[in-house]
Amino acid sequence: MARRFDLPGTIPVFPLPGALLLPRARLPLHIFEPRYLAMLDDALKTDTRVIGMVQPDEAAARDGGHGLHRIGCAGRVTQFSETEDGRYMITLTGLSRFRILRETDGFTPYRRCEVSWEGFDQDMQPVEHDPTFDREAFLALLTRYFETMNLSTDWDSLKEAEDELLVNSLSMLLDFAHEDKQALLEAPSLTTRRETLVTLIEYALRGGGGNTKDMMQ
């Protein structure tokens, strides 16, 4: 795991709608576009192997900005394999959230940004806890959601998962709108992320949500 003072001030960013990475979580990615293949090749040449995941921001783009949400999450490439036709299957392990300061000019085909890591000290800790988590009530709500959405899952794994793994995995995997994913990312603590997740699930149960794929098999 990288230490905060090891993290670079300028990182490559991968704008991918709906793809959420959180600290200490793992995100599998399929890399096939030439510009992102170049990004991965360059990242693998560095000591930190860092790539920043960030949500596109259509409103910011309309206002003449760089078209990215200001807060993203950086991950370290911890697994990768190459297919015969030159594509990559990789896994990013979340390190820390960051705040975009400015996009940099350069000759790379992918985007790079100057970032600040300040304000996200908890992200670099071994694990985050949720002292007010009512697991029984949460799992009851989750059961209703999965039944309503006609989803399947490994309930034994869910029940045994630690609080952080449970909340963050669901935040990443459930099919919420892009802005909702951003709200989950920007939650200042695991408790507020869990509260946001509960609100989104309750909203979906009232008819405001869509469908999602079977997950956590």
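The values are calculated or read from the model by the stated rules, or taken from the named source; none is laboratory data. Just so we're clear, the structure is a prediction, and the values are computed from it rather than from any experiment. Cβ: placed from backbone, ideal geometry, glycine included. Neighbour counts: every protein chain shown.
Here are the numbers for this structure:
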| item | result |
| --- | --- |
| Positions within segment 194-217 being at pLDDT below 65 and surrounded by 14 or more Cβ atoms within 10 Å (Cβ to Cβ), in sequence order | Gly209, Thr212, Met215, Met216 |
| Among the candidates Ala183, Ala137, Ala177, residue that is more than 30 Å from Glu33 (Cα to Cα), out of contact with any His (no Cβ under 6 Å at 6 or more places or on another chain) and not polar (S, T, N, Q) | Ala137 |
| Total residues in segment 166-187, condition outside any helix (DSSP H, G or I), farther than 20 Å from Gly75 by Cβ and without any contact (Cβ under 8 Å) to a residue 24 or more places away in the chain | 1 |
| Test result for Glu58, in contact (Cβ under 8 Å) with a residue 12 or more places away in the chain and within 24 Å of Glu186 (Cα to Cα) | no |
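Listed here are the residues, each with its yes/no results for (1) modelled with pLDDT under 95; (2) of a type in the set (D, E, K, R); (3) in the same structural domain as Ser189 (by TED's automatic domain parsing); (4) touching a helix residue (DSSP H, G or I) at 6+ places or on another chain (Cβ under 6 Å).
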position	(1), (2), (3), (4)
Ala25	no, no, no, yes
Leu40	no, no, no, no
Glu58	yes, yes, no, no
Leu68	yes, no, no, no
Gly86	yes, no, no, no
Ile90	no, no, no, no
Leu95	no, no, no, no
